[in-house]
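Below is one structure, written out as structure tokens; the observations come after it.
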Amino acid sequence: MSTYPWKHGAPRTVFITGASSGIGRDMARRLALEGASIAIFNRSAAEDVLAELRAAAKSPGQRFACYPSDVSQAEAIKAAVAQAAQELGAPDLAIHSAGVLHNGPLVETPAADFERVIDINLKGSRHFAAAVLAHMQPGSQIAFIASLAGLTSNFGYTAYCASKFGVRGLAEALRYELKLQGIAVSLCCPGEIMTPMVAQERRAMHPVSAAMKDFAGSSTLDKSVPALLRGIARREFEITDTPKAALTAWLSRHTPGLARAVGDGIARRAQARLSKGTP
């Protein structure tokens, strides 16, 4: 029995990028419990992840494999996906979860750091989508793990917001293209989820950024990933993970002036505390 409300039945074969940790890894584990065979695409081999997936498998017929590749390199991810499709079969569900964070004001962000975020988060989304869509059939689905930062912005996140707003635009346009082919598109826009990457970022985050992020709240993998998978299973397009994230997205979309005013107020107070040297 499936845990999630799969509109077209639980996926048999899933391709996931960025499954070495965080959201991608947790999704892979939960999808293994649903009975899926899974191909993961990371920069390096991930034997610990594969062992975890084998332990979670619902049946002995499931297969799990890692294809080391860099999503920012179009030809590399194309070749890795082609190999996975040949060995495991075409994916019923493809999830692009690979991504990087960068926090810091624009004038303090080297061009190389900005470009790295765009290369992995935005260009990587394009490269993975182009690679998997060459093998996907009508009835299948592709999901992009974007961020609440793809719907609303924050202080110190020029690179990250630019990349995630770009992923949102890519997914919106691709949805029209693929609907005509019978392939569903989902865009996951969770708020902050405490993954190892986020925990590391929090240690050096600009105080104004932290204050603004606190408005939308923070969540855990155990709370957020099931919410995202439920939206994917229902084939929803835009998916948020918590009530606070949904409220933040709603305010940004329907009352943008108010949302900016609230953000300005939070930033002003945080900057004042910083200037006074108070927490």
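The values are calculated or read from the model by the stated rules, or taken from the named source; none is laboratory data. Just so it is clear, the structure is predicted and the values come from calculations on it, not from any experiment. Methodologically, a virtual Cβ is constructed for each residue, glycine included, from the backbone with ideal geometry; neighbour enumeration extends over all protein chains shown.
Right, residue 248: surrounded by 13 or more Cβ atoms within 10 Å (Cβ to Cβ), over 14 Å from the mean Cα position of the chain (by Cα) and β-branched (Val, Ile, Thr) or not?
Values: surrounded by 13 or more Cβ atoms within 10 Å (Cβ to Cβ): yes; over 14 Å from the mean Cα position of the chain (by Cα): yes; β-branched (Val, Ile, Thr): yes.
When the stated conditions are applied, residue 248 passes them.
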Of everything in region 96-138, what is part of a helix (DSSP H, G or I), among the aliphatic types (A, V, I, L, M) and touching a residue at least 12 places away in the same chain (Cβ under 8 Å)? Give them in sequence order.
106, 117, 118, 120, 122, 129, 130, 131, 132, 133
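Working only within region 62-95, note down all residues that are part of a loop (DSSP other than H, G, I, E, B) and in contact with an Asp or Glu (Cβ under 6 Å, 6 or more places away or on another chain). Reasoning before the result, please.
In the first step, residues of region 62-95 are kept if they are part of a loop (DSSP other than H, G, I, E, B); the result is 62-63, 67-73, 89-92.
The answer is 72, and nothing else.
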Residue check, residue 156 without any contact (Cβ under 8 Å) to a residue 60 or more places away in the chain, over 18 Å from residue 237 (Cβ atoms) and not in a helix (DSSP H, G or I)
yes
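Please pick out the residue among 204, 149 that is in a helix (DSSP H, G or I) and at pLDDT below 95.
Details: 204 fails: in a helix (DSSP H, G or I).
Every option except 149 fails the conditions.
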Failed condition for residue 143, given (1) crowded, with 22+ Cβ neighbours inside 10 Å; (2) over 21 Å from residue 15 (Cα atoms), with all others met?
(2)
The one condition in (1) in contact with a strand residue (DSSP E or B) (Cβ under 6 Å, 6 or more places away or on another chain); (2) at pLDDT below 90 that residue 187 fails to fulfil
(2)
